[in-house]
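Derivation of every value follows stated rules applied to the coordinates shown; laboratory data play no part. As the structure is a computational prediction, the values presented were derived from the model and not from experiment. When we count neighbours, we look across all protein chains shown, and the Cβ atoms used for this are built from the backbone with ideal geometry, even at glycine.
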Amino acid sequence: MPLDTAETLDFDPDALRERYRQERDKRLRADGNDQYVEVKGDFRHYVDDPYVEAGFTRPPLADETDVLVIGGGFGGLLAAARLREAGVDRIRIVEKGGDFGGTWYWNRYPGAQCDIESYIYLPLLEETGYIPKEKYSFAAEIREHARRIGRHYDLYRDACFQTEIRDIRWLDDEQRWLIRTNRDDAMKARHVVMSNGPLNRPKLPGIPGIERYKGHSFHTSRWDYAYTGGSNEGNLRGLVDKRVAVIGTGATAIQCVPHLGRWAKHLYVFQRTPSSVDLRGNRPTDPDWAASLQPGWQKRRMENFNTLVSGGVQEEDLVSDGWTDIIRSLISVAAVRGDKPMTMEEAAEAMELADFRKMNQIRRRVDDTVADQAAAEALKPWYRQFCKRPTFNDDYLPTFNRENVTLVDTAGQGVERITERGLVVDGREYEVDCIIFATGFEVGTSYTRRSGFDIYGRDGKTLSDHWAKGLRTLHGFYSAGFPNCFHMGVNQSTLTPNFPHLLDEQARHIAHVIGEANLRQAATIEPTPEAEQAWVQTIVDTARLNLEFRQACTPGYYNGEGRAGAEDGLFAGLYGPGPVKFFELLQQWRDGGMEGLAIA
Ligand code: NDP
C-alpha cells in the first residue's frame, strides 16, 4: 500500500485537525463525570432486575469455600473454570443477577450483539465443544454459552444468584475472608476473586428535570420487554402506537435503534456525539470450516487477533474483520516507510494520516447511506478513530431514511431539559410516551461506588482508603495488606478489543498463583509493598505514552469525559506497551519464580 505524503493527499490534514479540535472544545465541560446521575435513591429502580420473578428467598449461608468469586460474567466464569482445571474443589460464584452471563445477562436489548468475532470472543469453546452459529453472535446465544460454561465446570452447584455483597473482611486470626451479603450470609473463603466488570453500573444523564418525567422510561441494560414486547431478535410490537425517545448514540444505541425505528410509531434519536459506524457483514458459520479446526485453534486465533490489533505482524489475518483492518492500517502502515524504520514522530504522523483516511471513509459511508443531507451531516463523527469505541452495523444509518424516525442533533450539548411530557432541545419540546436511556455505564468513579461494597484488609484498612490517591497493585491483581484477594479487569493491567482474551490470561494467572500457593501449603499470598510500588511506577511511566492522544479526543469514558489526566478514563493507568507485551511479562514473571509476591 503506498504511504501517504502531504503531496499525495486528497484532503487537508490541517483543516481536519482544526475541525476535530473545535468539535472537542464544544463538548468539553467542567463537570466531567459529575454530569451523570448515580442510580440510587429515587433512581434506584433503574437497576432493578427485570429478568427475575419477584420474591426470591433462600436461607442465609455461613459455610466455607476455597475460592469465592464475585461476578458471574465471563471473568468470574473463566477464573472458576481455570481453578477447577487446577484441581480446586470448593468454588462459589456470587452474582447479583439471576444467572450467569454478567454483561450479557444484563444487556439483552433488541439487537444486542457482540461486535468481536464469536470464535474468539466466546471463551472455552474447545473445552465445552461448542461452535457459535454466526461470525458475530447475538446476546441470547452468548448468554446461553455462559450457562454452558457454568454447567460444564459444575459451577451451579455452589453459586449464589440474586445476591449482593455488603462487605468483605479479612480475619487475621483465621486467615480467611468473611463475606457478608444482602441475604444475611456470613460466608468464609480462603481466597476471593473480584470480577465485577468494568462497565457494571449503569449511569443516567444529569439532564435538568430528569426526575419530572411522567411517562415510561428505562435504561438499555434493563430492557423492559413487558412494555416493548419482543426479544433480543426485535419484534417490538408493544411500540406500534408509541412515541419513543432514545438518548445516546454509543455502541448500544447503534444496535437497538434499527429495531426501535422498525416498530415505534415515531422514534426520536437524541444525539450528542455521533459514533463511527462501519460495515458489519455477519454470516453463518461454515460447517466445513468448523469441522476442519485442529486442537488449540481457539487460542491460536485469539493470539493472532491480539497481535494484529496490537500492531504486530502475522503471516495470516485469521479473523480478518473491521477491527484488524482498522488497526492494521493505522499501526502497521505507520511502522515502516520505505526500507528504513521511522522515527517516533514520523510514525505518529503516518498514523494520523491513516486515521484521517479511515474516518473520511466512515464519513463518506454516511453520505452514501443517509438521504437527508442535514441528518447525514449531523451523523458524521469528527474525531480520531479510537477516541470513541468504533461500531459496526449495517442497519443503523439506513434507519434515518425512515419517515417515522427523527434524528435530534444537539450540536454536542446534549438534551437541554426533560419535562413531564418529554424532552427539550433548542427550545422545542418533543412529547414522547417513553424515554430509553442508552447512556452507558460508570467509568472512573470510585471502586467502592461501582462495586457497591468495600474490602477490609489487614488491620481493618479499607481498599478504598488504600486506593484513595490512585490505584496501587502488582500487575493489577493484588494489593499489599489484602492477602488472598485477586482483581480481574483493566485496572493497572491492559486492554484489548477482545476483552475475554484478557480475562482468560488473568484467570490462568490467578489459577497458577493459587495452585503454587497450595503446592507450598501456604496460607497467604500478597505482594510486598516494594513490588506494588514498583508496578505503580511502571504504570505511571508507561501510561504517559498515550496521554497526548487522549487529551486531543472528544470527551467520553475513554478519556475521563475529556479530563484525560494521567488517572482519568478507561485508557488511563494501563500498561503502556500493550497487551501482547503484558501477557509476555506475566509469563516471564511466573516462570521466573513470582518475584515480589510473599507466599507465607
Ligand atoms: P456509551 O457510554 O458508549 O454511550 C453513551 C451515549 O450517551 C453517548 O452517545 C453519549 O454522548 C450519550 N449521552 C450521555 N449524556 C447525554 C446527554 N446529556 N444528552 C444526550 N446524550 C448523552 O454507552 P453504550 O452503552 O453505548 O456503550 C458502552 C460500552 O459497552 C461500549 O463502549 C462498548 O465497550 C460496550 N458495548 C459493546 C458492544 C459489543 O458489541 N461488544 C455492544 C454495545 C456496547 P457523548 O458521546 O457525547 O458522551
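Values as computed for the structure displayed
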{"quantity": "³J(HN,Hα), Karplus 6.51/-1.76/1.60, whole Hz, each residue of segment 367-377, x for Gly, Pro", "calculated": "4, 6, 10, 9, 6, 6, 5, 5, 5, 4, 4"}
{"quantity": "Debye, to nearest 20: dipole size of segment 485-600, +1 on Lys, Arg Cβ, -1 on Asp, Glu Cβ", "calculated": "180"}
{"quantity": "Ranked packing of 270-276, 318-324, most packed first, by mean Cβ within 10 Å", "calculated": "270-276, 318-324"}
{"quantity": "16 Å tail of the calculated P(r), segment 186-312, as % of Cα pairs", "calculated": "77"}
{"quantity": "Surface/4 of the Cα convex hull for segment 514-600, nm²", "calculated": "6.7"}
{"quantity": "Packing rank of 480-489, 44-53, 233-242, where each peptide gets the mean count of other beta carbons within 10 Å, highest leading", "calculated": "480-489, 233-242, 44-53"}
{"quantity": "Placed amide H near T65: partners under 5 Å, 5+ positions off or other chain", "calculated": "K188, A189, R190"}
{"quantity": "Inverse mean reciprocal Cα-Cα distance (Kirkwood Rh) of the chain, Å", "calculated": "25.3"}
{"quantity": "Debye log10 I(q)/I(0) at q = 0.10, 0.12, 0.18 Å⁻¹ for segment 452-600, Cα point scatterers", "calculated": "-0.36, -0.52, -1.12"}
{"quantity": "Karplus-derived HN-Hα couplings along segment 445-457 (A = 6.51, B = -1.76, C = 1.60, θ = phi - 60°), whole Hz, x at Gly and Pro", "calculated": "7, 5, 4, 5, 5, 6, 7, x, 8, 10, 10, 9, x"}
{"quantity": "Positive-end residue, segment 286-387 charge dipole about Cα centroid, Cβ charges, pick of I327, Q314, W382", "calculated": "W382"}
{"quantity": "Per-residue HN-Hα couplings for segment 495-507 [Karplus 6.51, -1.76, 1.60; θ = phi - 60°; Hz; x = Gly/Pro]", "calculated": "9, 9, x, 8, 4, x, 4, 4, 4, 5, 4, 5, 4"}
{"quantity": "Contour minus Cα-Cα distance for T448 and K265 (0.36 nm per residue)", "calculated": "61.7 nm"}
{"quantity": "Gyration tensor verdict on segment 143-245 (Cα atoms; rounded if a/c is under 1.5, prolate if a/b is larger than b/c, oblate otherwise)", "calculated": "oblate"}
{"quantity": "Residues with amide H under 5 Å from that of G229, placed H, sequence gap 5 or more", "calculated": "G238"}
{"quantity": "Largest-first ellipsoid semi-axes for segment 63-218, taking √(5λ) over the Cα gyration tensor eigenvalues, angstrom", "calculated": "29, 25, 11"}
{"quantity": "Centroid-to-centroid separation of segment 340-373 and segment 404-483 [C-alpha atoms, Å]", "calculated": "31"}
{"quantity": "Dipole of segment 426-467 [Lys/Arg +1, Asp/Glu -1 at C-beta], most positive-end residue of G452, H466, I436", "calculated": "H466"}
{"quantity": "Mean Cβ count within 10 Å, highest first, over the residues of peptides 208-217, 78-87", "calculated": "78-87, 208-217"}
{"quantity": "Inter-part distance where segment 525-600 and segment 242-314 are each reduced to a Cα centre, Å", "calculated": "28"}
{"quantity": "Diffusion coefficient, µm² s⁻¹, Stokes-Einstein with Kirkwood Rh over alpha-carbon pairs of segment 253-389 at 37 °C and 0.692 mPa s", "calculated": "183"}
{"quantity": "Measure of compaction for segment 1-122 (Cα Rg per 2.2 N^0.38 Å)", "calculated": "1.75"}
{"quantity": "Least to most buried among K26, K358, K461 (fewest other Cβ within 10 Å first)", "calculated": "K26, K461, K358"}
{"quantity": "Percent of Cα-Cα distances greater than 17 Å, calculated over segment 89-169", "calculated": "51"}
{"quantity": "Dipole magnitude of segment 249-375, debye to nearest 20 (Cβ charges: Lys/Arg +1, Asp/Glu -1, about Cα centre)", "calculated": "580"}
{"quantity": "Long-range HN-HN contacts of S217 with modeled amide H, under 5 Å", "calculated": "I435"}
{"quantity": "Given charges at Cβ of Lys, Arg, Asp, Glu: segment 235-350 dipole, positive-most of A350, P258, L239", "calculated": "L239"}
{"quantity": "Exposure proxy order (Cβ contacts within 10 Å, fewest to most) of E346, E315, E141", "calculated": "E315, E346, E141"}
{"quantity": "Debye, to nearest 20: dipole size of the chain, +1 on Lys, Arg Cβ, -1 on Asp, Glu Cβ", "calculated": "1120"}
